[in-house]
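This report concerns only the one structure given below.
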Ligand code: AMP
C-alpha cells in the first residue's frame with residue numbers, strides 16, 4: 001500500500017498516520033521530521049533546508065524532489081509506505097507520479113484531512129512547538145491553502161482522493177479511512 005496524507009498544521013494527520021502504518025505494516029516517512037533531523041545533524045541537505053524550515057516557508061521543490069527520490073530508493077520502503085508532509089505543492093504531486101512511474105510503483109490513495117481554517121488555527125496555536133512563533137504558525141497555514149490545497153485538484157479527477165471530514169473523533173476518522181482502503185486499487 002502506498003499512501004500520502006494531506007492536511008494543514010493541526011489537522012490530525014500524525015495520529016492517523018501512526019495507526020495506519022501500524023495496522024498496514026508499512027513505514028511512515030514524516031518528511032518534516034526527517035528534514036528537522038537533517039538540520040540537527042548538519043548534513044548538506046539540512047544546511048540547504050534550514051533557512052526555509054526556520055521561517056515556516058516551503059523548501060524549494062527541486063531540493064524536495066531530489067530528497068524524496070533518495071528516500072523512496074531505500075530498501076525498507078520497497079513494499080509500501082505512507083508519506084506524511086509530501087507532496088506539499090501540485091508540482092511535487094506531479095513529480096511524485098513521475099518518480100513512481102520510474103520505480104514501477106503507483107500511489108493507492110491521497111488522504112485529505114478536511115478541517116476548517118478556524119479549527120486549524122486554534123489547534124496549531126495550542127500545540128505549537130516551543131520554537132514556533134505565532135506568525136510562523138500562521139504562515140504555515142497560509143501556505144497550506146495557497147500551495148497544498150491545489151493538490152486536491154490533481155488527485156480528485158484521477159480518482160485517488162479520499163476527502164475525510166477531519167472534525168470527527170479520531171476513532172471515526174480511522175474507521176472511515178479503513179472502510180475506503182478495503183476497496184483496494
Ligand atoms: P512539518 O513538520 O511537516 O510541518 O514540516 C516542517 C517544515 O519542513 C515545513 O514548515 C517546511 O519548511 C519543510 N517541509 C516539509 N515538507 C515539505 C515539502 N514537502 N515541501 C517543502 N517544504 C517542506
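The figures follow:
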| read-out | value |
| --- | --- |
| Efficiency of FRET between residue 42 and residue 19 - r from beta-carbon atoms, R0 35 angstrom, step 0.05 | 0.60 |
| Normalised alpha carbon radius of gyration of the chain [divisor 2.2 N^0.38 Å] | 0.99 |
| Fluctuation leader among 95, 171, 153 - the chain, Gaussian network, Cα springs under 10 angstrom | 171 |
| Per-pair calculated FRET efficiency, R0 = 41 Å: residue 125 and residue 104 via Cβ, rounded to 0.05 | 0.40 |
| Compactness relative to 2.2 N^0.38 Å, alpha carbon Rg of region 1-91 | 1.08 |
| Estimated FRET transfer efficiency when R0 is 30 angstrom, pair residue 117-residue 52 (beta carbons, to 0.05) | 0.85 |
| Global form of region 46-125, assessed from the alpha-carbon gyration tensor, a/c cut-off 1.5 | oblate |
| Extension gain, residue 172 back to residue 139 (0.36 nm per residue minus Cα-Cα distance, nm) | 8.9 nm |
| Max mean-square fluctuation residue, GNM over the chain, Cα-Cα springs under 10 Å, options 25, 166, 85 | 25 |
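FYI, it's all coordinate maths here, none of it is from the lab. Computed from a predicted model, the values in this text were never measured in an experiment. FYI the Cβ positions are ideal-geometry reconstructions off the backbone, even for glycines, and counts take in every protein chain you see.
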